[in-house]
Amino acid sequence: MTDSALPAPRPAWKHPAVRLAGSAVILALLFTFLPADQLISAIRRLSPVMIGLAVVSYMLLHLIGVSKWRLLVNTTGADLGFVDGVRAYYSGLFGNTFLPSIVGGDLVRAGVAFGAVRSRSGLLLGSMVDRVQDVVGLGLLAGIGALLSPLALTTESRRVFLLLAFLLAAGAASSLAIWRLFPVHRSPWRVRRKLVSVRRAVRATAGRPANLVGAGLLGMLLQSLLIVLNWRLGIAIGIDIPLYVWFFVWPLAKIAGLLPVTQGGIGVREAAQAALFAPFGVPAVAAVATGLAFEVVIILGGLAGGGVAWLLALLTRSRDVPDRSPRDDGGAASTDASSAVRVGRL
């Protein structure tokens, strides 16, 4: 095997150990610059019963996420069932927490669903739209919170908004450039056949704008209810501010946590939350303590999600599964005359 045939080495910053170290460093700094005893005391204000109720609420709320994701992937032709959707989605929750990045969770979710859909291209496209809608929805909620909060638009928050706008614009421009400039006619026949499936999924999605809007609203409903959950945790810890301030702070802190420098955003979200809460007079100790409490909820929810997915896999393993072989798996037997015509038009 030649050197050119060897897989490219993974960049050092993508190694899981780097992100774990990043979370550890940020948490260590938080506990160094903030009184550790006060942080621990604030977190202890939450009883085990309250944490348990928060975890149950977190799991139930994510059924909205299941509905949103299924609506998007089924719009593209994936035909994903509810039980299979729950199993894949909760597997993704586990992956979001315990794999190197949020993309790891998305890959787990798609991987689990691969064998249960008719169109894998539709599944991947719908999952990508789902992720983009999540980020856009967080930005819209933060914008609503900013309009209601007179102290919201500080220098730090403006930077986060500008970063979000830049990332969305860059992503849209890159996608459009790839879509327009990709040399389809020079691609191998098998690649062109897969592009037919992708184009079919794109057209199916574009032809159902109501589904896109409905999915976007479901995503914003889920994020809004998670904000309310954090608001209640904050009240128990001692943060006494209006709910609309949380609508500004929490989405931006979550967006900051998407940066691939820590494990699951742990540490970055808490630091961003403390900085964004500062103009509203919220002590950094209380802001960080509430963030850490929600991290506990996320971790326990990820474990519970993995357990739910495992149980559903056991329950469905012995059932009779109808023939749901993917239409776009690349097999030559599935190529018909209409597909050949569409390939010629690419």
Determine if segment 242-262 includes at least one residue that is at positive phi and either within 23 Å of the chain's Cα centre (by Cα) or of a type in the set (D, E, K, R) (or both).
no
Answer from Val66, Val49 - the residue that is over 16 Å from Ala236 (Cβ atoms) and β-branched (Val, Ile, Thr)
Val66
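The rows are residues; the columns are (1) at pLDDT 90 or above; (2) among the basic types (Lys, Arg); (3) outside any loop (DSSP other than H, G, I, E, B).
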| residue | (1), (2), (3) |
| --- | --- |
| Ile40 | no, no, yes |
| Val49 | yes, no, yes |
| Val55 | yes, no, yes |
| Arg70 | yes, yes, yes |
| Gly77 | no, no, no |
If you go through segment 103-119, how many residues are farther than 21 Å from Arg317 by Cβ and either surrounded by fewer than 23 Cβ atoms within 10 Å (Cβ to Cβ) or without any contact (Cβ under 8 Å) to a residue 12 or more places away in the chain (or both)?
4
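Rundown of residues vs (1) more than 19 Å from Gly95 (Cβ to Cβ); (2) touching a Lys or Arg at 6+ places or on another chain (Cβ under 8 Å); (3) in contact (Cβ under 8 Å) with a residue 24 or more places away in the chain, yes/no style:
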{"position": "Val282", "(1), (2), (3)": "yes, no, yes"}
{"position": "Ala293", "(1), (2), (3)": "yes, no, yes"}
{"position": "Val296", "(1), (2), (3)": "no, no, yes"}
{"position": "Gly301", "(1), (2), (3)": "no, no, yes"}
{"position": "Gly305", "(1), (2), (3)": "no, no, yes"}
{"position": "Trp310", "(1), (2), (3)": "no, no, no"}
{"position": "Thr316", "(1), (2), (3)": "yes, yes, yes"}
Requiring at least 1 residues that are at pLDDT 60 or above and surrounded by 22 or more Cβ atoms within 10 Å (Cβ to Cβ), the helices (runs of 4 or more DSSP H) wholly within segment 178-294 are 209-237, 243-257, 268-277
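The values are calculated or read from the model by the stated rules, or taken from the named source; none is laboratory data. Just so it is clear, the model here is predicted, and its values are computed rather than measured. When we count neighbours, we look across all protein chains shown, and the Cβ atoms used for this are built from the backbone with ideal geometry, even at glycine.
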